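Engineer: Here's a structure for you.
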Amino acid sequence: MPGTIIWIPADHSEPVLKEEAVVAPDLERMKAYVGGFIEVVHVLYFGKPTQMVANEEGLLIGLPFNMRATSLYHLNHIHTRGEFPDSPIVGNAIVLHDLPLE
């Protein structure tokens with residue numbers, strides 16, 4: 001059963017893109033989209049636990065605020081040890097709906 005990759009650009013003039021897939025994007029593709037090392041946080045998406053991928057160093061390197069990804073994270077965060085639900089998501093983000101990272 002396919003899942004969905006949701007590409008959430010930080011630039012709000014760009015649309016959010018949804019792509020059906022049977023596997024998550026590979027590490028290099030995710031790193032290229034978020035602009036560096038990835039960090040995984042946990043959110044509910046349509047009521048199901050899923051993963052959001054963002055740039056691990058985004059705040060340190062000054063990536064732009066991503067309002068859409070931050071809203072999703074703040075409103076639907078699943079408390080996981082080591083995550084900071086009050087932190088903003090900066091730069092591009094990816095939601096992996098029904099596509100667990102391996």
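Engineer: Based only on Cα atoms, what Rg/Rh ratio does the chain have, Rh being taken as Kirkwood's radius?
Structural biologist: Computed over Cα atoms, the ratio is 0.92.
Engineer: What do you get for trypsin sites (Lys or Arg not before Pro) in the stretch 31-102 restricted to DSSP loop and a cutoff of at most 10 other Cβ within 10 Å of the site's Cβ?
Structural biologist: Counting only loop positions with at most 10 other Cβ atoms within 10 Å, the trypsin sites (Lys or Arg not before Pro) in the stretch 31-102 are ARG81.
Engineer: With each pseudo-label sitting 7 Å past Cα toward Cβ, what's the VAL40-MET1 distance in nm, one decimal?
Structural biologist: Going by the 7 Å Cα→Cβ label model, 2.0 nm.
Engineer: Here's another thing I want to ask about it. Given the options ILE38, ILE61, ILE89, state which has the largest fluctuation in a GNM of the chain using a 10 Å cut-off (strictly under) for Cα springs.
Structural biologist: ILE61
Engineer: Which longest run of the chain has no exposed loop site in it, a site being chymotrypsin sites (Phe, Trp or Tyr not before Pro) in a DSSP loop with at most 15 other beta carbons within 10 Å, and the site itself not part of the run?
Structural biologist: Formally, the longest exposed-site-free interval is 47-102.
Engineer: Given the options HIS42, HIS74, HIS12, which has the most mean-square fluctuation in a GNM of the chain, springs set between C-alpha atoms less than 10 angstrom apart?
Structural biologist: Highest fluctuation of the listed residues: HIS12.
Values quoted throughout were computed directly from the atomic coordinates according to the rules given, and no laboratory measurement underlies them. Just so it is clear, the model here is predicted, and its values are computed rather than measured. Counting neighbours? That spans all protein chains shown, and the Cβs are built from the backbone with ideal geometry, glycine included.
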